[in-house]
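The values are calculated or read from the model by the stated rules, or taken from the named source; none is laboratory data. Since the structure is predicted, the reported quantities are computational estimates derived from the model, not experimental observations. Neighbour counts are summed over all protein chains in view; Cβ atoms, including those assigned to glycine, are modelled from backbone coordinates with ideal geometry. Side chains are part of the model used for accessible areas, which takes the heavy atoms of the whole protein and leaves out ligands, DNA and RNA. Shrake-Rupley method; radii C 1.70, N 1.55, O 1.52, S 1.80 Å.
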Amino acid sequence: MKVTDILNWENTSLACGKNSIENQITNGYNSDLLSDVMGNASEGMAWITIQTHKNLVAVASLKDLACIIIANNNKPAHDLLDAAEEEGIPVITTSLPAFEFAGKLYNELNK
Amino acid sequence: MHLKYKIQGGNFSKAGFASSEVKKILRQLSIEPKTIKRLVVALYEGEVNIVAHAYNGLITVDIDTEKVTVTLKDNGPGIPDIDKAMEQGYSTASAAVREMGFGAGMGLPNMKKNTDEMTIKSVVNEGTEVIFINYI
């Protein structure tokens, strides 16, 4: 599936990175610890988190992640959006809690 | 090829900049993606360690035909017990740093796992030097 497929879901919206919404999502990773993501996520994953600061972008970019999903109505910081736009990382916000979003993504990916 | 990056302690808005630059250069040199991926994890963790713990630091990266050698040298508090610091889950990071999702005690173990050789030298109240090598 692609990042753009997630945007068709209710309760989700694109905060930035519209030029990269054709990125392929291979799998997902749910964590709020940046070293956990650095150590264990792989290329093409959608990263689900409730963190909102700029450093997410460096991690997502270095790991070639497909997109960042900010769950539970948390609002991304402005400098995060600027950095993500520059690096071409789509950032999606959702009102769903991380657990629910992860479950939904898991089901879609394993259909 | 010899690269140098100055790192400012406490400046999280710049954390990852050096790692991104090195990644771009390694890609331009057509180094194998698998090798780049491991090196970038180790380098980012090292860079964040300087930002989170030290006053300032210098990262140097030397690339030759066989290997990439990275030296991360900082002026900072040093590490009193290196074996303890290498333990998964052990961290001395501040509450503010932990809130950002850093300081989970995974940085140095991540570095060890993603490098071929790694040595740490540290003097309390002076600073720390981490040198790692990844073969290409």
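Tabulated results
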{"item": "Excluding exposed DSSP-loop GluC sites (Glu not before Pro) (at most 12 other C-beta within 10 Å), longest clean stretch of chain B", "result": "B:1-65"}
{"item": "Protein accessible surface hidden between B and A, which excludes ligands and nucleic acids, total in Å², probe 1.4 Å", "result": "1600 Å²"}
{"item": "Along chain B, longest interval not containing exposed chymotrypsin sites (Phe, Trp or Tyr not before Pro), exposed being DSSP loop plus at most 15 other Cβ atoms within 10 Å", "result": "B:1-54"}
{"item": "Net charge contributed by nearby residues that have their C-beta within less than 14 Å of B:E126 (K/R +1, D/E -1)", "result": "0"}
{"item": "Cα-based equivalent ellipsoid, region B:2-135: semi-axes from gyration tensor eigenvalues, Å", "result": "23, 15, 14"}
{"item": "Candidate aspartates and glutamates - alpha carbon under 20 Å from B:K67, same-chain residues fewer than 8 apart omitted", "result": "B:E21, B:E32, B:E45, B:E47, B:D116, B:E117, B:E129"}
{"item": "Contact order relative to length of chain B, as percent, for alpha carbon pairs under 8 angstrom and 6 or more apart", "result": "28 percent"}
{"item": "Degrees, to the nearest 10: B:17-28 long Cα axis against longest axis of chain B", "result": "20 degrees"}
{"item": "Three principal axis lengths of the protein assembly as shown [C-alpha, angstrom, descending]", "result": "54, 40, 30"}
{"item": "Per-residue mean of C-beta atoms belonging to partner chains within 10 Å, peptide A:30-37", "result": "6"}
{"item": "Apportionment of accessible area to carbon and sulfur, region B:2-135, percent (1.4 Å)", "result": "52 percent"}
{"item": "Where N is the number of residues in chain A, Cα Rg divided by 2.2 N^0.38 Å", "result": "0.92"}
{"item": "Accessible area expressed per residue, the protein assembly as shown, with surrounding protein chains retained (probe 1.4 Å, Å²)", "result": "48 Å²"}
{"item": "Nearest-ten-degree value, helix B:33-53 long axis tilted from longest Cα axis of chain B", "result": "30 degrees"}
